[in-house]
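Heads up: the structure comes next, in structure tokens.
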Amino acid sequence: RYGGYGYGNVSMRIPPYDAPVNHRAFVITGTQTGEVGVLTPLNYTVVTAYSPERNLLVSEGPCKPSSESLTHGSVYDQDPAIRWVIHAHSPEIWRNAAALDLPTTAPDVLYGSPEMAGEVWRLFAETDVRSQGIFVMGGHDDGVVAFGATAEAAAEILIGTLLIATKLKGA
């Protein structure tokens, strides 16, 4: 479906890790960088503050932050130990979310929206997403978000889930 390419975005928390909610700064890939072959520093920006309630992002850098920045910020707000967030597109995981028992945002909530940020808070309050390290974006075809203390941990969750999903009927 994606021609062998992976689209999405990635972010990394930066100190201070004990910053208040909505001020947990992170570096994130810029908007519309999915087709860039090799990313350079010009393809990243720093989000310093965000407010889903006001649909507000404050960033510093050479490009505009990803449209998923509010979602990333809401994940970081759940636990200072979360240092990496990966948003990817995986038809295999997305189609098999129920069979994989993955927490899933409401299907009527659009990606990148303040409502999606609210869905992140709901998932952390009502599901075991914290221990799973991954959730599916029900209103965003193929949208999946994995997170962890390291880039490797988040990627292992994503790839491990993909491996299981590809073995399921209908993947």
Do you know which of the residues in the stretch 130-147 that are in contact (Cβ under 8 Å) with a residue 24 or more places away in the chain and in a helix (DSSP H, G or I) is nearest to Gly160 (Cα to Cα)? Gln132
On the basis of being under 14 Å from the mean Cα position of the chain (by Cα), surrounded by fewer than 18 Cβ atoms within 10 Å (Cβ to Cβ) and touching a residue at least 12 places away in the same chain (Cβ under 8 Å), does Leu110 make the cut? yes
The one condition Trp84 fails out of (1) farther than 25 Å from Val36 by Cα; (2) crowded, with 17+ Cβ neighbours inside 10 Å is (1)
Restricted to the stretch 24-36 and to residues being of a type outside the set (Val, Ile, Thr) and not in a loop (DSSP other than H, G, I, E, B), the residue surrounded by the fewest Cβ atoms within 10 Å (Cβ to Cβ) is Gly30
Can Val85 be described as out of contact with any His (no Cβ under 9 Å at 6 or more places or on another chain) and either within 15 Å of Arg13 (Cβ to Cβ) or at pLDDT 95 or above (or both)? no
Here are some conditions: (1) in contact (Cβ under 8 Å) with a residue 40 or more places away in the chain; (2) farther than 26 Å from Lys169 by Cβ. Ile93 meets all but one. Which one does it not meet? (2)
Any residue at all in the stretch 98-107 that's among the hydrophobic types (A, V, I, L, M, F, W, C), farther than 29 Å from Lys167 by Cα, free of Cβ contacts under 8 Å to residues at least 40 places away in the same chain and touching a helix residue (DSSP H, G or I) at 6+ places or on another chain (Cβ under 9 Å)? no
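The values are calculated or read from the model by the stated rules, or taken from the named source; none is laboratory data. All of these numbers come straight from a predicted model, not from anything done at the bench. Here Cβ is always computed from backbone atoms with ideal geometry, including for glycine, and neighbour counts include all displayed protein chains.
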